[in-house]
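Let me begin by presenting the structure, written as structure tokens, before commenting on it.
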Amino acid sequence: MSKLAPSILSADFAQLGDQVELISSAGADYVHIDVMDGHFVPNISFGAPVMKSLDKRNTAPYDVHLMIEDPDKYIPDFVTEKTDFITVHAEACSNMSYTLEHIRSYGVGSGLSIKPGTPVSEIESVLGLCDMVLVMSVEPGFGGQKFMPDMLEKIRQLCDIRAEQGYSYEIEIDGGVGLSNVDQVVAAGTDIIVAGSAVFGAPDIAERVREFLSAIR
Ligand code: DX5
Ligand code: ZN
């Protein structure tokens, strides 16, 4: 059984609160919050004030994905009572262990993400400090891109390492997942599935969440 984390990057920002309540009441497990700084990735999305505008709404917990340089400086801004995970990019960290411990120091789950060109071996030494590992299945920066099936091998590797080492991180995939390929993503061993355009681009958003949930549970 896998969990669903719709990415609000593809939401209609003029109706953000209503759309996030809609996916949450339809059963989404997390709200995936894609933060982009225009430096680590060639696009700017939104920052902590936008996320915090949802705090009073009836939403699923936040799964924050920081695609930013110098993440340590901004981690505290994203800690709220609803923040379950904060994920940083391995490629943006000068000291991965320090940053993962920093996230945990707020009582929030520590996540580490790798871009398509970064192998699992680059993060193997710090997997014991991860509550989540996020495998990017597109180049980070934009929603609506094509899924890279080669990334499923990383999911299998992370499952094997977790079993061998007795680790307990969740494995998440992000980018290009839709109803047509979600079965193979689940079969590879993914615990949490991010979907942006496939959810918020649907004619009936709540119905699409339910379709995803019946495919992954
Ligand atoms: C990409 C973001 C993803 C993206 C997912 O940089 O991290 O979360 O918005 O969107 P889709 O599902 O449309 O690929
Ligand atoms: Zn993301």
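Take the residues of region 114-142 that are within 13 Å of Ile161 (Cα to Cα) and β-branched (Val, Ile, Thr): which is surrounded by the fewest Cβ atoms within 10 Å (Cβ to Cβ)?
Taking the candidates together, the pick is Val120.
Could you look through region 186-199, keep only residues that are open to solvent by less than 20 Å² (accessible area, probe 1.4 Å) and touching a residue at least 40 places away in the same chain (Cβ under 8 Å), and pick out the one that is farthest from ligand 1 (Cβ to nearest atom)?
The qualifying residue farthest from ligand 1 (Cβ to nearest atom) is Thr190.
One residue is enough: does region 172-183 have a residue meeting the conditions assigned to a helix (DSSP H, G or I), within 16 Å of Met1 (Cα to Cα) and either in contact with a Ser or Thr (Cβ under 9 Å, 6 or more places away or on another chain) or open to solvent by less than 10 Å² (accessible area, probe 1.4 Å) (or both)?
Checking region 172-183: at least one residue is assigned to a helix (DSSP H, G or I), within 16 Å of Met1 (Cα to Cα) and either in contact with a Ser or Thr (Cβ under 9 Å, 6 or more places away or on another chain) or open to solvent by less than 10 Å² (accessible area, probe 1.4 Å) (or both).
Being assigned to a helix (DSSP H, G or I), open to solvent by 20 Å² or more (accessible area, probe 1.4 Å), hydrophobic (A, V, I, L, M, F, W, C) and in contact (Cβ under 8 Å) with a residue 12 or more places away in the chain narrows it down to one of Ala215, Ala206, so name that one.
Ala215
For region 150-171, check the following and say yes or no: at least one residue is outside any loop (DSSP other than H, G, I, E, B), touching a residue at least 24 places away in the same chain (Cβ under 8 Å) and under 23 Å from Arg210 (Cβ atoms).
Looking through region 150-171, at least one residue is outside any loop (DSSP other than H, G, I, E, B), touching a residue at least 24 places away in the same chain (Cβ under 8 Å) and under 23 Å from Arg210 (Cβ atoms).
Quick one: what pairs do we get from region 1-19, first residue over 16 Å from Glu207 (Cα atoms), second open to solvent by 20 Å² or more (accessible area, probe 1.4 Å) and modelled with pLDDT under 95, C-beta under 7 Å, 6+ apart or different chains?
Taking only residues 6 or more apart or on different chains, the pairs are Met1/Arg217.
The values are calculated or read from the model by the stated rules, or taken from the named source; none is laboratory data. Bear in mind the structure is a predicted one, so any value in this text is a computation, not a measurement. Positions of Cβ are backbone-derived with ideal geometry, glycine not excepted, and every protein chain shown enters the neighbour counts. Accessible surface is based on the protein model in full, side chains and every heavy atom, while ligands, DNA and RNA are left aside. Shrake-Rupley method; radii C 1.70, N 1.55, O 1.52, S 1.80 Å.
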